[in-house]
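The values are calculated or read from the model by the stated rules, or taken from the named source; none is laboratory data. A quick note: this is a predicted structure, and the numbers were derived from the prediction, not measured. Glycine also receives a Cβ, built like all others from the backbone with ideal geometry; neighbour counts cover every protein chain displayed.
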Amino acid sequence: MNRREPWRDARPEGFRWPDGIRAAACFTFDIDAESAVLIDHPEAAGWLDVMSHQAYGPRTGVPRLLRVLDRQGIRATFFVPGYTAERWPGVIRSVRDAGHEIAHHGYLHEGARSAPDIETEERRLLRGLEALDHVAGVRPVGYRAPNWELSYGLPALLARHGFRYDSGLMDADHPYRLATGPEPGAPSIVELPAHWALDDWEPYNYLPGLTGSGVIASPADVIARWTLELEALADDGGLFMLTNHPFVSGRASRAVGLERLIERAKGLDGVWIATCSEIAAHVETLPLAPVVHQPPGLPSD
């Protein structure tokens, strides 16, 4: 029987990695800084304790993480809100000058569910683009929605404004082509899936009254969990997409743990450590049928 039985192969129809590669890993950083708090709590602009907690990212975390990446000889992708670029221009330029990819992460870390309409989403998208161009002279090809909140209309906006990939949907272990609409022949972009389990926010982050449970995990436990996922995805030929925040994982022991995870990824045979744009460029060469997402119909009473 020559008919392919999809359940026997974890890879989607038509998907393959470059020759000699069995899986891939992206180490990504969202430089949210103050924006992640200010979007929901603008009054926190007057709270020095909270603002200093967020400023740790650009002031201390980013330089430490750049040193880690330099020692390991890998390139990462940094998703940057436009507001962060305007507030910390020298830091964003340091990321650019170190050779890392800069991608789009909203303007003031606005998720889709706070937008009343698609026009508002587009206005925020363009404001973020303008800020990154003005500060760093970059035109990003990649986007990550703040809080990973995407509307069904956002992929079409991304394609319209020249984005080649999104990273944040959670329905796959492999990259895929994401259709921007249900009509035949609609443009598509590349989707690089992520997941909350591969994000440092939940295990590490705590601000009294604002976020977190108050239970702050040990880096030893977090890195062990991430290592299990890395190894499992490598065995399945998938994409390991890690999302860290410099104000969270830029702290000393957490950065040490992250470096050990990078070393583990480098030690796995056939694992390609790459930027998001490099992964997307490869996926664009593959004969993949675009995945169409449509809202589910709700049952009537």
*Before we move on, is residue 48 more than 25 Å from residue 260 (Cα to Cα) and either in contact (Cβ under 8 Å) with a residue 12 or more places away in the chain or over 19 Å from the mean Cα position of the chain (by Cα) (or both)?*
yes
_Residue that is surrounded by the most Cβ atoms within 10 Å (Cβ to Cβ), among those in the stretch 222-266 that are in a helix (DSSP H, G or I) and β-branched (Val, Ile, Thr)_ = 248
_Checking the conditions here, which among 168, 209, 181, 185 is part of a loop (DSSP other than H, G, I, E, B), modelled with pLDDT under 95 and closer than 23 Å to residue 77 by Cβ?_
168
_So in the stretch 267-301, with the set limited to residues that are of a type in the set (S, T, N, Q) and either modelled with pLDDT under 95 or assigned to a helix (DSSP H, G or I) (or both), which one is farthest from residue 103 (Cα to Cα)?_
300
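Yes or no, residue by residue, for (1) out of contact with any Asp or Glu (no Cβ under 9 Å at 6 or more places or on another chain); (2) within 30 Å of residue 41 (Cβ to Cβ); (3) in contact (Cβ under 8 Å) with a residue 60 or more places away in the chain:
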| site | (1), (2), (3) |
| --- | --- |
| 125 | yes, yes, no |
| 144 | no, yes, yes |
| 149 | no, yes, no |
| 165 | no, no, yes |
| 176 | no, no, yes |
| 180 | yes, no, no |
| 184 | yes, no, no |
*For residue 75, indicate whether it is more than 20 Å from the chain's Cα centre (by Cα) and of a type in the set (D, E, K, R).*
no
*In the list 277, 213, which residue meets the criterion of being under 24 Å from residue 290 (Cα atoms) and not acidic (Asp, Glu)?*
277
*Could you list, in sequence order, all residues of the stretch 212-221 that are under 21 Å from the mean Cα position of the chain (by Cα) and either part of a helix (DSSP H, G or I) or modelled with pLDDT of 95 or more (or both)?*
219
_When you check residue 200 against the structure, is it among the acidic types (Asp, Glu) and either touching a residue at least 40 places away in the same chain (Cβ under 8 Å) or crowded, with 17+ Cβ neighbours inside 10 Å (or both), yes or no?_
yes
*So which residues in the stretch 28-75 are of a type in the set (S, T, N, Q) and within 15 Å of residue 211 (Cβ to Cβ), if there are any at all?*
35, 54
*Among the residues of the stretch 139-163, count how many are assigned to a loop (DSSP other than H, G, I, E, B) and surrounded by fewer than 19 Cβ atoms within 10 Å (Cβ to Cβ).*
7
